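The values are calculated or read from the model by the stated rules, or taken from the named source; none is laboratory data. All of these numbers come straight from a predicted model, not from anything done at the bench. A quick note on method: Cβ atoms are made from the backbone with ideal geometry, for glycine too, and the neighbour counts reach across all protein chains shown. When the accessible area is computed, the model is the full protein with side chains, heavy atoms only, and any ligands, DNA or RNA have been set aside. Shrake-Rupley method; radii C 1.70, N 1.55, O 1.52, S 1.80 Å.
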Amino acid sequence: MPAHPAADATASRPDQIADRIVDAILAGRLAPGQRLGEQDLALLFGVSRTLVREALARLSARGMVTVNARRGWYVVQPSLAEAREAFGARVAIETGLLHTLQGRPSAAAVQRLKDHVAQEQAAIRDGEPGQRSWLLGDFHVCLADCLGNALLADILRDLTARTTLIATLYQSTHAAGSSCAEHGEIVAALEAGDIALAVQRLQAHIGGVAEHLDRASRRPDADPLAPLRAALGPLATTAQSPAAQAGTATRRRPRRALFTSLVGTPAASDPTPAHPATPET
């Protein structure tokens, strides 16, 4: 796995910087909505802010970061609908890639995938969450690369990073061990030359991750708007007797229109308002 950007300053080109940032997203080291300061990144990588800005612009075009004219660059916060689209795109691309195979992949490709799954298992045993997260996401990139399609590998890398962000946002509980075992089953089907079974297992695997995400997003504690929703909800009121309510009604001061209270009201003798009413928009 590439080093975390803070570990060294070997990246000297915009594409290298961009790759490091995507790797950090896949490893769960960069969270949705996290700010990416140009000056901080320039110091970490030992490059100019111009190169950092170019790298971030490339990531923006790839849907990984967003920019605010006044506040700077931020890791994207994809919506649940965008995550579903990303999962759907992954299924279409990866199964389509498998359908292009004529028989089993090469022995070298299968061995590389087996080695990758072994690395996943080791990271899970060692309790390394960043390494584990990166490897589990990178399996799908490795699959495309092993099957000889570097372009689709790049596309899958971005799509996997986006689904990683939404899983982080909604705290998906899909077990790493389950994902790793499913990866092994996909590789076993490929090694046996059973492409139909590999496609079936791949669809079930990605669909299972998406399903866990859906369930996680429906938990009350997973609502990204929960704090704001609670803060802006209606105030609780205590029950009152009818007589008390009537008394309150007689004492309640009438609401005053916002704009007329600021600009003044027309004279009582003038039936025409000084300012025409503006419809709400």
Q: Determine, yes or no, whether A144 is closer than 29 Å to P14 by Cβ, of a type in the set (G, A, S), open to solvent by less than 10 Å² (accessible area, probe 1.4 Å) and in contact (Cβ under 8 Å) with a residue 60 or more places away in the chain.
A: no
The correct count of residues that are open to solvent by less than 20 Å² (accessible area, probe 1.4 Å), touching a Lys or Arg at 6+ places or on another chain (Cβ under 9 Å) and in a helix (DSSP H, G or I) in segment 50-97 is 3
Of the residues in segment 104-121 that are over 24 Å from F87 (Cα atoms) and open to solvent by less than 30 Å² (accessible area, probe 1.4 Å), the one that is farthest from the chain's Cα centre (by Cα) is P105
Counting only residues in segment 183-196 that are open to solvent by less than 50 Å² (accessible area, probe 1.4 Å) and not small (G, A, S), the one nearest to P129 (Cα to Cα) is identified as H183
If we keep only residues of segment 124-135 that are open to solvent by 30 Å² or more (accessible area, probe 1.4 Å) and touching a residue at least 40 places away in the same chain (Cβ under 8 Å), then the residue farthest from A161 (Cα to Cα) is I124
Picked from segment 113-139 (must be of a type in the set (D, E) and assigned to a helix (DSSP H, G or I)), the residue nearest to G28 (Cα to Cα) is D138
Restricting attention to segment 153-182, the residues that are of a type in the set (A, V, I, L, M), closer than 21 Å to E85 by Cα and open to solvent by less than 40 Å² (accessible area, probe 1.4 Å) number exactly 7
Does segment 165-185 include one or more residues that are free of Cβ contacts under 8 Å to residues at least 24 places away in the same chain, within 22 Å of the chain's Cα centre (by Cα) and more than 15 Å from L30 (Cα to Cα)?
yes
Filtering segment 98-112 down to residues that are assigned to a helix (DSSP H, G or I), more than 21 Å from L135 (Cβ to Cβ) and not aliphatic (A, V, I, L, M) yields H99
